[in-house]
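Worksheet: the structure to be examined is printed underneath.
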Amino acid sequence: MVIEEYLRKLIAAGQPGDQLPSDSELCERFNVSRMTARQAVLRLVNAGAIYRVPGSGSFIADHHIHRGMNRLRSFTEDMRSRGRVPSSRVLNAGLRAGSADELRALHLAAADRVVAVTRVRLADGIPLALERAILPPGSAPILQADLATSSMHELVRELGREPTLARGSLTAATASPLEAELLAVKVGAGLLVERRTIFDQQGAPMEYTETSYVGERYLFDVVLERG
């Protein structure tokens with residue numbers, strides 16, 4: 001972890017493409033084996049923070065956060081896996097009447113209320129996304145939790161529902177004045193808007209979410225196979 005923290009500081013202070021200390025230099029600096037040094041580097045490679053060029057060394061990757069499109073993870077889980085500190089600014093949270101789209105997505109009746117939570121999602125204090133999460137009324141107990149530090153997925157698991165499958169879409173948009181203020185970008189900045197419905201282990205819809213990601217800080221990676 002000491003080597004990893006040292007490299008993360010170099011990454012934060014550097015620019016994409018800057019070369020990082022070699023494995024042998026890390027071994028000498030921290031008095032560790034080559035395998036230990038290499039494992040620390042590979043963890044950052046797997047997190048997308050570093051890329052390696054055979055015969056040349058390790059370099060700082062671009063500063064975008066990359067997310068694969070083929071795996072269901074919460075924002076909190078994703079950031080923690082990268083060694084970043086996730087947090088949220090809660091803008092509003094409570095029960096209200098659901099819109100037609102929300103009720104349809106969650107398979108609710110016209111008179112049903114929904115749990116609505118709007119948060120700015122941050123990593124290491126940097127705003128990455130504006131998230132609007134809608135859940136069925138049975139999820140109301142999550143409103144008693146600290147939504148600034150809690151993962152929504154962890155909270156619904158405590159209610160016996162396991163996020164299992166998600167279906168959604170990704171579109172482009174530009175930041176409104178309010179979104180620009182909340183996300184610390186210029187008005188009109190590019191946003192990637194993900195709308196998805198998450199289903200539990202029984203195949204029942206348990207969350208409908210619209211999340212607007214800052215395009216200059218967040219990228220979605222797509223892998224396509226022919227066949």
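The alpha-carbon positions of the stretch 108-191 define a convex hull whose volume is 142 Å³ per residue. Peptides 207-214, 8-15 ranked from most to least packed, by the mean per-residue count of other Cβ atoms within 10 Å: 207-214, 8-15. A simple packing score, the average count of other Cβ atoms within 10 Å per residue, orders the peptides 94-103, 73-82 as 73-82, 94-103, with the highest score first. Short-range pairs are left out: with C-alpha atoms under 8 Å and at least six residues apart, the relative contact order of the chain is 17 percent. Shown for the chain is the translational diffusion coefficient from the Stokes-Einstein equation, using the Kirkwood radius over Cα pairs, a temperature of 20 °C and a viscosity of 1.002 mPa s: 110 µm²/s. Only helices enter this figure: runs of n ≥ 4 DSSP H residues, each worth -39500 (n - 2.57), summed and divided by the residues of the chain, yield -7000 deg cm²/dmol at 222 nm to the nearest 500.
Laboratory data are not the source of any read-out in this text; all were calculated from the coordinates shown. No experiment lies behind these values; they were computed from the predicted model shown. Every residue, glycine among them, receives a Cβ derived from its backbone with ideal geometry; neighbour counts consider all protein chains shown.
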